[in-house]
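Colleague: After the structure tokens below, expect a handful of questions from me.
Computed from the coordinates by the stated procedures, all read-outs in this text should not be read as laboratory data. All values reported here derive from a predicted model rather than from experimental measurement. Virtual Cβ from ideal backbone geometry, glycine too; neighbours counted across all protein chains shown.
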Amino acid sequence: MVARVVDLRSDTVTKPNQAMRSAMAAAIVDDDVLGFDPTAQKLEMEVASIMHKDAALFVPSGTMANLISVMVHCEVRGSEVILGDNSHIHVYENGGISTIGGIHAKTLPNNVDGTMDIEKIVKAIRGTDGELYYPTTRLICLENTHANCGGRCLSVEYIDKVGAVAKEYGIKLHIDGARIFNASVALGVPVHRLVQEADSVSVCLSKGLGAPVGSVIVGSKDFITKAKRLRKTLGGGMRQVGVLCAAAYVALRDNVPKLSDDHRRAKILAEGLQKVEHFSVDLSSVDSNMVFFDIKETSKISPDRLCEVLQERGVLAMPASSTSVRLVLHYQISASDIQFSLTCIKGVVEQILTDGTKNGVIEQNMLSVSQTVTV
């Protein structure tokens, strides 16, 4: 058993702190499906106010939040949504918009910064004039921050341009804002301004903000009325949900200011990784709380092996691809944890390379013995 564990797999791994646990224990609750849970209402009103939207709805997960949002905007089966080919909705949400919503995904390439080219968005839009042959485009989805693109932040200028395109063509804009507060803090832009042009936003409270469970959808009153009905259909009505909302409220209240510390420590981590001879890190890509680093092919170290040996030393990480690893910071990772992790990572690299050299020598010796016996 290792004495110390630093969990950098994701910002979803945070544990509820004492303030959250106390709030959960003291939460005043009622039946939220019937619309009477006061703690759920308090959280929803607060998030709607922060986002400058009319109404909000608490749901169990970000996946359900996005699914509900897309389905509300694409009520007609066979509708089309434009979204990035590397977006969370397209890659990691089990194809729900298609299998459950009957919605066609029109994917466009995500650029390295998480954006999609405006010109390509415009060209991809299909109106009702071709509905005999094609699905009709009714929605555009953006993701901010963009997880698969390294936690990059979409600027308010870019979002405004996409919003203008949506309005011009009479379609809706949804923002997967799982880490929208990270984007707001990193860019120095109020969160309501980032989502001003969006018709709906999903906001995850169990990632960077550290709540144990839950996301909130925001939009117009009519949108939320339809969303509430779909939440029930999908099994997301949770009765005395104020117990969870109480913890989420504490996370929203206390942890937004801490996101800047996560971002600062992510840069320190990236700078430390850059000094490792066998790694390649693009420091300019570290916008928020995520650090992606590539392992140089010449090192012969695989991400799987690196993460496996790191775990033995108490640092948890996840491969991002066959050549890269992702590390994610959150408010329960300290400056000391960063230094500990860097020390472990450097030690693990040396260990793997040394083991590989030893194995190579052993294999060569065995080959020599074999050849001698044969002769």
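Colleague: Pick out, from ALA48, SER324, CYS153, the residue whose Cα sits farthest towards the positive end of the charge dipole of the chain, with +1 on the Cβ of Lys and Arg and -1 on the Cβ of Asp and Glu.
Modeller: Farthest towards the positive pole: ALA48.
Colleague: Specify the residue with the greatest mean-square fluctuation among GLU46, GLU157, GLU75, computed from a Gaussian network of the chain linking alpha-carbon atoms under 10 Å apart.
Modeller: Taking springs between Cα atoms under 10 Å, the residue moving most is GLU157.
Colleague: Also, quick follow-up: I want to verify a result. In a Gaussian network model of the chain, Cα cutoff 10 Å, which of these has the top mean-square fluctuation: LEU283, LEU194, LEU132?
Modeller: Checking each option, the largest mean-square fluctuation is seen for LEU132.
Colleague: Please list 54-66, 298-310 highest first by mean number of surrounding beta-carbon atoms within 10 Å per residue.
Modeller: The most tightly packed comes first, giving 54-66, 298-310.
Colleague: Ranked highest first by average number of other Cβ atoms within 10 Å, how do 30-37, 215-222 line up?
Modeller: Top of the packing list down: 215-222, 30-37.
Colleague: Would you list which lysines come within 24 Å of LYS15, measuring only between C-alpha atoms, while excluding same-chain residues fewer than 8 positions from it?
Modeller: Counting by Cα, and skipping residues close in sequence, LYS15 has these lysines nearby: LYS42, LYS207, LYS258, LYS267.
Colleague: Quote to one decimal, in nm, the extra length available between GLN196 and ASP113 on full extension: 0.36 nm per residue of separation minus the C-alpha distance between them.
Modeller: 27.8 nm
Colleague: So how strong a dipole does segment 1-150 carry about its Cα centre when Lys and Arg Cβ are +1 and Asp and Glu Cβ are -1, to the nearest 20 debye?
Modeller: Its charge dipole is roughly 380 debye.
Colleague: Express as a percent, rounded to the nearest 5, the fraction of DSSP beta bridges in the chain (both residues included) that run antiparallel.
Modeller: 50
Colleague: Show log10 I(q)/I(0) for segment 18-254 at q = 0.09, 0.12, 0.14 Å⁻¹, two decimals, from a solvent-free Debye sum over equal Cα scatterers.
Modeller: -0.35, -0.62, -0.84
Colleague: Something else: Packing-wise, with mean Cβ within 10 Å as the measure, how do 203-211, 331-339 rank, highest first?
Modeller: 203-211, 331-339
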